[in-house]
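Below is one structure, written out as structure tokens; comments come after it.
The values are calculated or read from the model by the stated rules, or taken from the named source; none is laboratory data. Small disclaimer: the values here were computed from a predicted structure and weren't measured. Positions of Cβ are generated from backbone atoms using ideal geometry, with glycine treated the same way; all protein chains shown enter the neighbour counts.
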């Protein structure tokens, strides 16, 4: 189906309010606001050029295709200055002459800029709020096992940077030079952060150094940065591969060496303390990171309690199913640990097993795709491919992650799964992962934003993104995917319990001063997850504080809104139109989502 933005929003109910205003007043106000927001979108893309590539709009902005974000101290200061100017522009928009849909657009932009500026005010770290490729991962450390140019840019150049002609290839080479500059810019920030005592924990630095040193030791001809361009230019005359290899040898490798040297110097001073409480303004930093991750004002104690309460609820159902499967003794966590070792559900820990996992994920995606007309009145394509996380970074990478392809649909979205070891992926855990990352999760939801103004495709909120992905897991269950698969249902419930555990562990590390070991032990014994899986998870929370809390906070809020709509509408409640409203209104803070659903309730009431 192909609808205009306004038709989609009218269908979802987000454009219901304020029709009492004269039409000419709305039209004039909307046009002025949309012009301002379009300028802000272009400004954000100029600050973060990589996003023009992943969104596929660099075709209309060719200058951006040869650039990367300035990650130096001066570059970060320039981003903060630009954000202040953009916020002033957004605040100058008069909401009185706007329809509700445009008001939401303005509120989303204001909220993003305010949140980003609050983070940029700290003299360390990386406030990634405005960077759509990595907006979910605000970080206190400019470089870590899952943060920084080294883990982000090579994959972007391989996956998203298209090369159709010599100009595109030249742009790739220009980006290789910019990549080296990014590494040096981050290195300068590492130095200044270290001088004020902002040093990542020893275990984070160990992983980060291992990643970089392993990659650095490879022959230049085998670097992904070189082989990617070689493949992309096989039909384009020119010494592209040779030039890429030369740049890697003369520019990128020395920049990596300089960064490795500073990381090693940090390692010699590092402590084992896991939480950001140890940093200057540590409590204030975590308060901001938690607020950015959840788009709420919940305190660490409130989030911690929510996690314990939700965990109890999910494990109650898990207990019942486990008993029907013959697992009757021990805690739920102990029984799930035993289930996770059952050879019936494990794949070979080799390339054959990895291929089997990817094939099974694709099968589950095909199955659920056929069920989606029962859950949505408005459908998108949900184009995606399932890939292994690049081996060079999988040691520090998340278990899985995904995002939609470009706006024009020329490339599919990417669903990455970390297959460093297959032991963390028993078969019963895979269906819910497919629904979370792919369809109807991140890739599916992301395509709906492309019907909105460009600035709405650029800006995203962690609690909505991850809350929706958990709701997608729930929807799959409601569409019957587990009706004949009780062990798969267990996998879904363990996934939900896993996210409840995240609330407890993230706040435990950063507010209650848990050690890394305490967090790992509590997580594994409580949820029945493997140590290998949980170790990487806990390390992720140390480098992305607050992010892990967005999942369950967002999911719980979405369900509270659904209960509200059911109560308000009674027999008029329409399951498909409610789900449409959630995705067609776009990625928003939780407070704005309330308005979207209130508008849907008003529309269905008539």
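Summary table
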| quantity | calculated |
| --- | --- |
| Qualifying residue in the stretch 510-524 (condition: within 21 Å of the chain's Cα centre (by Cα), in contact (Cβ under 8 Å) with a residue 24 or more places away in the chain, buried (at least 24 other Cβ atoms within 10 Å of the Cβ) and in the same structural domain as residue 444 (by TED's automatic domain parsing)) | yes |
| Conditions (1) modelled with pLDDT of 95 or more; (2) surrounded by fewer than 17 Cβ atoms within 10 Å (Cβ to Cβ); (3) closer than 15 Å to residue 444 by Cβ; number of the one not met by residue 409 | (1) |
| The stretch 209-233 - residue that is touching a residue at least 24 places away in the same chain (Cβ under 8 Å) and part of a loop (DSSP other than H, G, I, E, B) and, of those, farthest from residue 167 (Cα to Cα) | 223 |
| Hey, residue 214 surrounded by fewer than 17 Cβ atoms within 10 Å (Cβ to Cβ) and within 28 Å of residue 405 (Cβ to Cβ) or not | no |
| Residue 65 free of Cβ contacts under 8 Å to residues at least 60 places away in the same chain and surrounded by fewer than 24 Cβ atoms within 10 Å (Cβ to Cβ) | no |
| Which listed residue is over 17 Å from residue 455 (Cβ atoms) and out of contact with any strand residue (DSSP E or B) (no Cβ under 8 Å at 6 or more places or on another chain), from 99, 94, 126 | 94 |
| Odd one out for residue 312, checked against (1) without any contact (Cβ under 8 Å) to a residue 60 or more places away in the chain; (2) closer than 30 Å to residue 380 by Cβ | (2) |
| Residues of the stretch 500-515 satisfying the condition of being farther than 16 Å from residue 302 by Cβ and in contact with a helix residue (DSSP H, G or I) (Cβ under 7 Å, 6 or more places away or on another chain) | 501, 509, 513, 514 |
| Answer residue from the stretch 260-298, given it is free of Cβ contacts under 8 Å to residues at least 60 places away in the same chain and under 22 Å from residue 185 (Cα atoms) and is surrounded by the most Cβ atoms within 10 Å (Cβ to Cβ) among those | 260 |
| Matching entry among 585, 536 (being touching a residue at least 24 places away in the same chain (Cβ under 8 Å) and either in the same structural domain as residue 453 (by TED's automatic domain parsing) or within 16 Å of residue 499 (Cβ to Cβ) (or both)) | 536 |
| Yes/no for residue 328 being free of Cβ contacts under 8 Å to residues at least 24 places away in the same chain, closer than 30 Å to residue 128 by Cβ and out of contact with any helix residue (DSSP H, G or I) (no Cβ under 6 Å at 6 or more places or on another chain) | no |
| Condition broken by residue 563, with the remaining ones in (1) in contact (Cβ under 8 Å) with a residue 24 or more places away in the chain; (2) within 30 Å of residue 105 (Cβ to Cβ) satisfied | (1) |
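Quick grid of which residues meet (1) at negative phi; (2) not in a helix (DSSP H, G or I):
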site	(1), (2)
207	yes, no
235	yes, yes
238	no, yes
246	yes, no
251	yes, no
260	yes, no
267	yes, no
273	yes, yes
289	yes, no
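For (1) buried (at least 21 other Cβ atoms within 10 Å of the Cβ); (2) over 30 Å from residue 590 (Cβ atoms), each residue gets a yes or a no:
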{"position": "118", "(1), (2)": "no, no"}
{"position": "131", "(1), (2)": "yes, no"}
{"position": "135", "(1), (2)": "yes, no"}
{"position": "138", "(1), (2)": "yes, no"}
{"position": "141", "(1), (2)": "yes, no"}
{"position": "146", "(1), (2)": "yes, no"}
{"position": "150", "(1), (2)": "yes, yes"}
{"position": "156", "(1), (2)": "no, no"}
{"position": "167", "(1), (2)": "no, yes"}
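Table: residues versus (1) over 18 Å from residue 393 (Cα atoms); (2) at pLDDT below 95; (3) touching a helix residue (DSSP H, G or I) at 6+ places or on another chain (Cβ under 7 Å).
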position: 178; (1), (2), (3): yes, no, no
position: 188; (1), (2), (3): yes, no, yes
position: 216; (1), (2), (3): no, no, yes
position: 220; (1), (2), (3): no, no, yes
